[in-house]
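These notes concern the structure reproduced below.
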Amino acid sequence: MDPRMQFTPVQNESRIEDLLVVPIGLTDHVRKAVEKAESFKQECAEVSRKVDTLGKLLRQAARFASTSAVGLYESPTRRIMVEVEKTLQKASTLVKKCKRSGMLKRVITITNGSDFRRLNQHLENSIVDVRWLLNISATGEDRPDFTGLPPIASTDPILAMVWEHVSIVHVGSDEERADGAAYLADLAKDDRNAKIIVEEGGVTPLLRLLREGTVAGQEEAAKALGCLAKEKERVQKMRMEGAISVFSQILGHGSMKVQAAVAWALSEFCDKDEESQNECAETGGIRLLVYLLAHEMEDFSKTAKSGLATVVKSTMEKPKASKPGTETSFRGSGRVHPVSSTSHSNEAWNGPGENTRTDSFPSSLRTISKNQRDNEDPETKLRLKVQVTRALWKLAQNNIKNSKFITDTRALLCFAKLIETGKEDVQFNSIMAVVAITQSAEKSSEIRKAAFKAKAPAAVAVVEQLIRVIKSGEPELQEPCLISIGCLARTFPASILHILEPVVKALKADFRVAAEAAGALYKFTNSKNYHHIEHSKTILELNGAQLLLPWLTDPDAYTQKKALMLLCCLSVNVPDHSALAQAMVRTRLENMTRSPVVSQNSDLRAALSDAISKLELYQASIARPHNMVAPYE
C-alpha cells in the first residue's frame with residue numbers, strides 16, 4: 001500500500017500522533033496518583049488496572065500511527081481521543097480526592113463508590129473505543145472479521161457503520177473494498193448518511209479505489225461517488241478532492257463497465273455543479289466521452305444503408321483540415337498540459353480546428369474499446385451508451401462553452417444516429433443532449449454559425465431526426481424535440497414547409513405536446529426572427545390559427561398562454577391574412593381579455609392589445625367570406 005496515501009487527508013494542523021500525547025501522559029499521571037491514595041484503595045486499584053490497559057492500547061495506537069503505511073483513520077481518531085482525554089481527566093480528579101488531606105477538604109469533596117462505578121464504565125468504554133479504532137485500521141490478517149459498534153457511536157449507529165466501511169474501502173482486501181463501497185453507495189441514498197460519509201473522509205478512499213482497484217471495486221466506487229453527488233455542496237467538496245480528474249482518467253483507460261459507472265457519476269456531478277462541467281472540459285472529459293461514441297459511429301457507417309449513414313460516413317472520412325495550434329490534453333496526474341500537432345486518427349471525430357496529440361487518447365483506450373466491443377455483453381455496451389449520452393447532456397446543460405466544445409467534435413452526428421437507431425434511454429438522452437446544445441445555440445451566434453449552418457451535414461442529420469420524432473414519436477420524446485426545433489428557429493431559411501408542417505400538426509396532439517409546439521412556432525414568428533413574416537404566412541396556410549383556437553380555453557394555463565402568445569404574434573405579423581378572418585380570431589382575442597391568464601401577465605396583456613389593434617385596423621368586424629382572397633394573394 002502506498003505510504004504516501006494517508007487514511008484521510010489531514011485537515012487540522014495537529015498530526016494524528018500528536019493527538020495521543022496528552023492521553024498517554026494522563027495515564028502515567030493517574031497511575032502515580034493511585035500510588036498516593038489513602039482511601040478507596042480497592043476502587044483506585046481497579047481504576048489503575050483499567051488505565052494501564054488503556055495506556056497500552058494508546059501506545060500501540062501511537063506506534064501504529066507513526067510506523068504504519070496506512071495510519072489511523074483520522075476522523076474517528078480525533079473524536080475518540082477527545083473522549084479518552086476527558087475520561088482520564090475525570091480519573092485523575094477522582095483519584096486525587098483519595099489522597100490524605102485535612103478534615104475540611106474531605107468534607108467538601110465527598111467521594112463514594114458510585115463515582116468509581118461511573119468512572120470505570122467510562123474507562124471501559126474508552127478501552128473498547130480505542131481497541132475498535134485499532135481494529136478498523138488494521139490490514140490483512142490482523143483485521144478482525146467483525147468489529148461491532150463502538151460505545152462512542154452508540155447514540156448514532158450510522159456513524160459507526162460509515163467509519164467501519166470507509167476503513168474497509170481503504171485497507172480491506174480487493175473483495176472487501178468492493179463490498180464496502182457498495183455498502184456506502186447504499187447508505188448514501190439517504191441524504192443525511194451521504195453528508196456523514198463526505199464529512200467523515202469517505203471520498204478519498206473511494207477515489208483511491210476508483211483509480212487502483214479491481215473492475216468490481218472501481219465500479220462500486222463510481223456508483224458510491226455518484227450516489228453522494230445529490231447536493232451541490234457535497235459535489236463541490238468532492239471536486240476539491242480531485243474527483244473530476246480521476247473520472248477523466250478512468251474514461252481514458254477503464255473497462256467498459258467502469259466507464260459506464262464513471263460516466264453516470266460524472267453526469268450527477270455536472271447536474272449539480274457548474275464548476276464540475278467546466279473542470280471536466282478542462283481535463284479532457286468531453287473529448288473522451290465523444291471518443292467512446294465515435295467507435296459506435298465507425299461500426300454504423302460501415303453497415304447502415306440509410307441516408308443518414310451516408311452523411312455520417314462521408315463526414316467522418318473527409319474531415320476538414322485542422323489549423324496548427326495548441327490544445328489541452330489530460331494526463332494521468334489530472335493536470336492540463338499544452339500540446340500541439342495533429343493525429344490523423346483523431347481527425348475522424350474532432351471538429352474543424354480541434355487538434356489533439358496522439359497521446360491525448362492513449363493507445364490503451366483505442367485497444368480496450370475495440371476489444372470490449374468484441375467481447376463485452378450487449379447489456380454492458382448499451383449501458384455505456386446510455387451513460388455517455390447522459391453525461392454529455394449534463395455537460396452541455398446551461399453551459400454555452402461546453403456546448404461549443406461538443407459541437408466542435410462529431411458528437412452531433414453521433415446523436416443523430418442514436419436518435420434514429422438507439423433504444424429508449426439512449427434515444428432520450430441523445431435528444432436531451434441535442435436540446436441542451438440547441439438551447440445554447442439559441443443564445444450564441446457563434447454556435448449557430450459554426451454548427452447549425454443550413455447545409456452542414458451534422459445540422460441536417462440532427463434536424464432530420466428531430467422532425468422524424470415529432471411526426472411519429474412518443475409524447476415524452478416529441479416535447480423536447482419541439483423545444484429543440486424552436487431553439488433553432490433563427491437558423492432556418494424562409495421556405496421550410498417540411499419543418500413547419502409537422503410542428504403545426506403537433507398542435508393536434510395532447511396539451512403538453514401542443515404547448516411545446518406553440519412555443520416552438522412562436523420563435524419562428526417572433527420579430528427577432530429575420531423571416532418571421534414568411535414563417536407566419538406558412539403557419540396560417542397550414543391551418544395553424546384554427547388549430548390554436550381550442551387551446552385558448554384549455555384548463556392548463558401553460559398551454560393556454562403559449563397558444564395565445566402565438567396567435568397574437570401571427571395577428572401582428574400578418575393581420576390581413578384571410579385565415580385569421582375566417583377563424584374569427586379578433587373576436588376570440590377580445591374574449592380573452594377577461595381571462596385570468598391574461599390579467600396575471602403584463603406581457604401577455606400588451607401582446608393581446610397590440611394584436612387586437614392590428615386586426616381592427618386591417619380586418620372588418622365580421623369574417624370574410626370563404627371565397628374572398630386576401631389582397632397579397
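The values are calculated or read from the model by the stated rules, or taken from the named source; none is laboratory data. Fair warning: this is a prediction, and the values are worked out from it, not measured in the lab. Glycine also receives a Cβ, built like all others from the backbone with ideal geometry; neighbour counts cover every protein chain displayed.
Observations on the model:
- Residue 479 vs. criteria more than 19 Å from residue 277 (Cα to Cα) and modelled with pLDDT under 95: no
- Some residue of segment 518-534 being under 29 Å from the mean Cα position of the chain (by Cα) and either hydroxyl-bearing (Ser, Thr, Tyr) or crowded, with 22+ Cβ neighbours inside 10 Å (or both): yes
- Those residues of segment 175-200 which are touching a Leu at 6+ places or on another chain (Cβ under 7 Å), of a type in the set (Gly, Ala, Ser) and more than 11 Å from residue 234 (Cβ to Cβ), in sequence order: 181
- Qualifying residue in segment 488-504 (condition: part of a helix (DSSP H, G or I), among the hydroxyl-bearing types (Ser, Thr, Tyr) and farther than 20 Å from residue 617 by Cα): yes
- Selection status of residue 224, within 19 Å of the chain's Cα centre (by Cα) and either among the polar types (S, T, N, Q) or in a helix (DSSP H, G or I) (or both): yes
- Matching helices (runs of 4 or more DSSP H) fully within segment 1-113 where at least 1 residues are small (Gly, Ala, Ser), at pLDDT below 85 and surrounded by fewer than 18 Cβ atoms within 10 Å (Cβ to Cβ): 41-67
- Residue 500 being crowded, with 21+ Cβ neighbours inside 10 Å, touching a Leu at 6+ places or on another chain (Cβ under 6 Å) and over 28 Å from residue 289 (Cα atoms): no
- For segment 178-203, the set of residues classified as of a type outside the set (A, V, I, L, M, F, W, C), in a helix (DSSP H, G or I) and surrounded by 21 or more Cβ atoms within 10 Å (Cβ to Cβ) consists of 180 only.
- Members of segment 436-458 found to be part of a helix (DSSP H, G or I) and either on the phi > 0 side of the Ramachandran plot or of a type in the set (Lys, Arg) (or both), listed by number: 443, 448, 449
- Some residue of segment 260-273 being modelled with pLDDT of 95 or more, more than 19 Å from residue 388 (Cα to Cα) and part of a helix (DSSP H, G or I): no
- So residue 537, is it in contact with a Phe, Trp or Tyr (Cβ under 9 Å, 6 or more places away or on another chain) and either within 27 Å of residue 495 (Cα to Cα) or of a type outside the set (Asp, Glu) (or both): yes
- Within segment 174-189, the presence of a residue that is more than 25 Å from residue 257 (Cα to Cα), modelled with pLDDT of 90 or more and either of a type in the set (Ser, Thr, Tyr) or out of contact with any Phe, Trp or Tyr (no Cβ under 7 Å at 6 or more places or on another chain) (or both) is excluded.
- Residue within segment 170-177 that is assigned to a helix (DSSP H, G or I) and within 18 Å of residue 276 (Cβ to Cβ) present: no
- Residue 433 at pLDDT 95 or above, assigned to a helix (DSSP H, G or I) and hydrophobic (A, V, I, L, M, F, W, C): yes
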